Amino acid sequence: MKCVKITGLVAMALALMAFIGAGTASATRCDRAAGTTCASGTVVAAENEGNITLSASASKITCEKSSLSGKVTNIGSGSETAVVTLEAFTLNLCSGTVAVLAPGSLELHTDPNDETGESGNGTLTSSGWEFTTEVSGLHCVYRTGGTDIGTITGSVTTKSTAAIDANAKIPRTGGRSGVFCGSESELTGSYLITAPDTFNVT
């Protein structure tokens, strides 16, 4: 097999394309106030508004209490999105048994319909959130992996008004009941972001 030699001109063109691509990659950050980016270690917390539901093919679980909390571990840059590593994700007062094995992390993305990032709105993906459910004898395990979770509505005042509207399909990864669990569990519900007081995706 002959090796293909890349000429200096082609190499320069490839380098230029890589530079342009890096320079135009979208930045994603969370803002605590106008023009103030969330620093690394900023605490992010949210509590449910209304019931949270987990619906699979053969079962539906409703939880009256749910909360999440963690810290910003990547503030975002011109080529990276902001990441919140969760330390807790709870689902309590549920109609079935729910156990969170790992809270995972959340990645923030700007609203795809807002190229300027001025709306403060965005979307969320989750990785590494793992939980089990057990209802009517069915035991199932689910885990996120870059899974779309829902949307973020940014703060409209300086008080806690930012919200998460969850509408996600969490893939099934195991459980004693196997295929009877279905291929996924659908998470629906809404959360009020209680910390920081102002939260926007930019």
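For this structure, a couple of remarks:
- Pair ASN92, LYS159: separation of 7 Å Cα→Cβ label points (nm): 2.5 nm
- Taken about its Cα centre, the range 27-201 carries a charge dipole of about 500 debye when Lys and Arg each add +1 at the Cβ and Asp and Glu each add -1 at the Cβ.
- Distance (nanometres) between label positions extended 7 Å along Cα→Cβ at SER67 and THR173: 2.6 nm
Every number in this text was worked out from the coordinates using simple rules, so none of it is lab data. Because the structure is predicted, anything quoted here is derived from the model rather than measured. When we count neighbours, we look across all protein chains shown, and the Cβ atoms used for this are built from the backbone with ideal geometry, even at glycine.
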